[in-house]
Amino acid sequence: MEQFFKDIFMDTLRQLFGWGKSREARMILTRHAVNKMHEYQLDEATLKDVFQHGERTGEKITRQYASYTVGLYYKYDEAQMKFVITTCWKGGV
């Protein structure tokens with residue numbers, strides 16, 4: 001019962017202050033995504049951070065950093081129960 005009230009309290013705080021729950025990063029990179037990752041000099045940890053904490057719009061997630069933005073497209077693979085990162089990019093502000 002105590003856990004129930006704790007969950008409600010935390011959900012209320014998230015809604016009031018705009019905190020989002022981070023997504024689990026069970027993800028696979030396609031060959032195209034790996035190529036783009038190297039092209040834009042990104043690493044897997046950055047993509048994981050974007051996936052977990054970025055702003056989601058449909059199947060696109062973007063995250064704003066100090067002087068650039070990183071984005072990615074993903075889809076869910078039900079057979080492997082993982083998210084597949086199809087492409088990624090890095091752009092200026």
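Helix 44-53 and the longest principal axis of the C-alpha atoms of the chain enclose an angle of approximately 40°.
Listed by chain and number, the aspartates and glutamates whose C-alpha is less than 15 Å from the C-alpha of LYS60, apart from same-chain residues fewer than 8 away, are ASP49. Taking 12 Å as the straight-line reach from the Cα of LYS82, the aspartates and glutamates in range (excluding those fewer than 8 positions away in the same chain) are GLU24. Straight-distance candidates among the lysines for linking to LYS6, with alpha-carbon spacing under 17 Å and chain neighbours fewer than 8 residues away dropped: LYS21. Accessible area per residue (1.4 Å probe, heavy atoms of protein chains only) ranks ARG26, ARG31 as ARG31, ARG26, with the largest value leading.
A protection proxy built from the mean count of other Cβ atoms within 10 Å ranks the segments 45-55, 60-70, 1-11, most packed first, as 45-55, 60-70, 1-11.
Rounded to a whole number, what is D in µm²/s for the chain from Stokes-Einstein with the Kirkwood radius over alpha-carbon pairs (25 °C, 0.890 mPa s)?
Once the numbers are plugged in, D ends up at 169 µm²/s.
Between the Cα long axis of helix 2-17 and the first principal axis of the chain there is an angle of about 60°, rounded to the nearest 10. A 1.4 Å probe over all protein chains sorts HIS38, HIS32 by accessible area into HIS38, HIS32, starting with the largest.
The values are calculated or read from the model by the stated rules, or taken from the named source; none is laboratory data. Here the structure is a predicted model, which is why all the values come from computation and not from measurement. Glycine also receives a Cβ, built like all others from the backbone with ideal geometry; neighbour counts cover every protein chain displayed. Heavy atoms of the whole protein, side chains included, go into the accessibility calculation; ligands, DNA and RNA do not. Shrake-Rupley method; radii C 1.70, N 1.55, O 1.52, S 1.80 Å.
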